[in-house]
Each structure stands twice: as C-alpha cells, then as structure tokens.
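Nothing in this text is a laboratory measurement; each read-out follows from the coordinates by a stated rule. In this text, all values refer to a predicted model and were calculated from it rather than measured experimentally. Virtual Cβ from ideal backbone geometry, glycine too; neighbours counted across all protein chains shown.
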Amino acid sequence: MKLIEATREEIRGKIGLMPIGSIEQHGPHLPLGTDGIIAEWIAQRVEEKFRDKVLLYPTLYYGCSKEHYGFPHLSIGYINMFNFLMDIVTTSKNAGVSSLVIVNGHGGNESVLDLVRRETNMNGDKCFKVHVFSMVGRDRELFNVIDMHAGSAETSRIYAINKELVRKENLESVDDYTVNEGVFKTIPISEANKYGIINIGGKVEIDEDKGRKSLEKAVDELSILVSKIIEELKKCNNRA
Ligand SMILES: [Zn+2]
C-alpha cells in the first residue's frame, strides 16, 4: 500500500520502498525528472505485487546533482541529503516500519546512499536494514552501450513508460557523442561535451521493447529482493 494512504497501525511491520531520483538536465530530449520517473515506475509495480507487505513511499524527486554544474539542475548537497535520509530512516524505524529499500534512479545519489546504508546497518540491529536497489549502470549488454546519462537505456525506458515524454526530434541535432576524460570524477558533464548526454559506444537509440525489457527485469529483481527481505525478517523476528 501507499505510505500516505496507510493508517498508523497499517504501517507496522511493512517494508518501505522509497523511489529517489534527481531534477537535472537529461540532454535536449528527456525530462528533468527522468531518474525519479523510472525509479517510481519500478517501485509502483513491486508495490502492486506485495500490497500487504510493502509501503510505497512518496518519490523523492530531488537528488544530488552537483555533476550537472553548467547545465540546469535543482540539487541537494551531499550533507543535507545524508541528514535528510537518515531522518527518514530513523523515524521510519521508530514508526514500526520493518526495513527500508531505497530504489535509486540516479548515479549522483550512490555515494550518499552507501553512507546511509552503512550508517544504519552497521549498528548491530539484526532486523531493520536499509537496502539500496539501483538502476545505475544496468543492462549494458541489452543496449550495447554504456549509458552513463540520458543515453539509450534511459531514453528507451522513458519511451516505454510514456512516449510523449521523449522529444525525439531534439535528438536529431546531436551529432557528437564523444566524452572528455574525467566526467563525474574531475569534470562536470558540461565539460564532457556540449549535449549533456553520456552514451559511450554510439548514438542514442530509442527502442521501446528494450526499454520495457529493462524495466520488467528491474521489477523482477526488486521483487526477488523484497521476497528475500520478507524471509530474513521472519527469521529475525523468531530470533528476537
Ligand atoms: Zn538519469
């Protein structure tokens, strides 16, 4: 069920699923909220499969997007994001939520999510855990490129979710997919190339079938993770 529609009794013992994304430029052809739209779509499908076990949290569309300096982005600093997420984690636990799965659609959030996971999970609590399910870097074989940002994988996934969100015609002017060295490490995307797309290995191909396959595979894998957590919690509660 959805967190915001649940009563205080109904949230107890359920696993939280929180989609998180970013508000940042995604080339000339994709919406700013691409990462959150994808994460939310996947989390919603999983919530439908585990309605009595899972709580779908409101999507956190804002994320850490500092690497988009020079291009439009609405971003949260790493320290603020860490504190914000730790507050959500702590109060979720206090409210009786059994564990939290963060469904992440954005590479720039990964380092903070790793810290939130470590800070929470290394404290000796045997039951409540933070898990991170990430869409970052997935399905390279399926798309035959390394889509690091707004490339074939993200474009095809968004196309499979809602065709109208992809401004196909804006891709026609993109004629250079080279990427300067150091992107995400020593230089922001705006210094890597002028288009704001990092699709290593070729041009952006829009393939609805592949997009759907990629999304469905993620739903299956996240479902397996949720099933495992349910089993772990049973064991953990017996032990307690
Ligand atoms: Zn993205």
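Close amide H pairs (under 5 Å, H built 1.01 Å from N) link Val132 with Ile102, residues at least 5 positions away or on another chain.
Put a dot 7 Å past the Cα of Asn237, heading toward its Cβ, do the same for Arg140, and the two dots end up 4.0 nm apart.
At q = 0.07, 0.08, 0.15 Å⁻¹ the log10 of I(q)/I(0) for the stretch 3-239 amounts to -0.24, -0.31, -1.00, computed by Debye summation with a single uniform scatterer per C-alpha, solvent ignored.
For the cross-link pairs Lys49/Lys217; Lys49/Lys228; Lys93/Lys129; Lys49/Lys93; Lys93/Lys126, the ones whose C-alpha atoms lie over 18 Å apart are Lys49/Lys93. When the stretch 1-99 is described by a simple charge dipole with +1 on each Lys and Arg Cβ and -1 on each Asp and Glu Cβ, the residue from Asn80, Ser65, Ser98 located farthest towards its positive end is Ser98.
Along the stretch 98-111 the Karplus relation, 6.51 cos²θ - 1.76 cosθ + 1.60 evaluated at θ = phi - 60°, assigns HN-Hα couplings of 7, 6, 10, 10, 8, 9, 9, x, 9, x, x, 8, 4, 5 Hz to successive residues, with x for each Gly and Pro. Rounded to the nearest 20 debye, the dipole size of the chain about its Cα centre is 1060 debye, using +1 on the Cβ of Lys and Arg and -1 on the Cβ of Asp and Glu.
Placing a label point 7 Å from the Cα of Glu10 along the Cα-to-Cβ direction, the residues of the stretch 52-87 with a backbone N closer than 17 Å are 52-59.
The Cys residues in the chain with no partner Cys Cβ within less than 4.7 Å of their Cβ are Cys64. Helix 78-94 axis versus longest C-alpha principal axis of the chain: approximately 30°, rounded to the nearest ten. When the listed pairs Lys14/Lys235; Lys53/Lys213; Lys2/Lys235; Lys66/Lys185; Lys163/Lys210 are checked against a 20 Å cut-off, the alpha-carbon distance exceeds it for Lys53/Lys213; Lys2/Lys235. Amide H contacts of Gly63: Ile23, Ile76, each under 5 Å away and 5 or more positions distant or on a separate chain (H built 1.01 Å from N in the peptide plane; Pro and chain starts excluded).
Residue by residue, the stretch 116-129 carries 3J(HN,Hα) couplings of 4, 5, 5, 4, 7, 8, 9, 9, x, 6, 7, 9, 6, 10 Hz when phi is fed to the Karplus relation 6.51 cos²θ - 1.76 cosθ + 1.60 (θ = phi - 60°); x denotes Gly or Pro.
How many percent of the alpha carbon pairs in the stretch 6-98 exceed a separation of 19 Å? Counting every Cα pair in the stretch 6-98, those more than 19 Å apart make up 49 percent. 3J(HN,Hα) along the stretch 68-77: 9, 3, x, 10, x, 7, 10, 10, 10, x Hz, from the Karplus curve 6.51 cos²θ - 1.76 cosθ + 1.60 with θ = phi - 60°, whole Hz, x for Gly and Pro. Toward the positive end of the charge dipole of the chain, with +1 on the Cβ of Lys and Arg and -1 on the Cβ of Asp and Glu, the farthest Cα among Tyr177, Pro31, Phe50 is that of Phe50. Restricting the trypsin sites (Lys or Arg not before Pro) of the stretch 148-189 to loop positions (DSSP other than H, G, I, E, B) with no more than 16 neighbouring Cβ atoms within 10 Å leaves Arg167, Lys185. Taking each DSSP H run with n ≥ 4 as -39500 (n - 2.57) and averaging over every residue of the chain yields -12500 deg cm²/dmol at 222 nm. Could you give the Stokes-Einstein D for the stretch 65-181 in µm² per second, using the C-alpha Kirkwood radius, 37 °C, 0.692 mPa s? Roughly 194 µm²/s, to the nearest whole number.
The per residue volume of the convex hull around the alpha-carbon atoms of the stretch 173-240 is 142 Å³.
If you stretched the chain out fully between Met86 and Asp175, how much longer would it get, using 0.36 nm times the residue separation minus the C-alpha to C-alpha distance?
Extending this stretch completely gives an extra 27.8 nm.
A simple spin-label model places pseudo-atoms 7 Å from Cα toward Cβ; at Asp209 and Lys2 they are separated by 3.5 nm.
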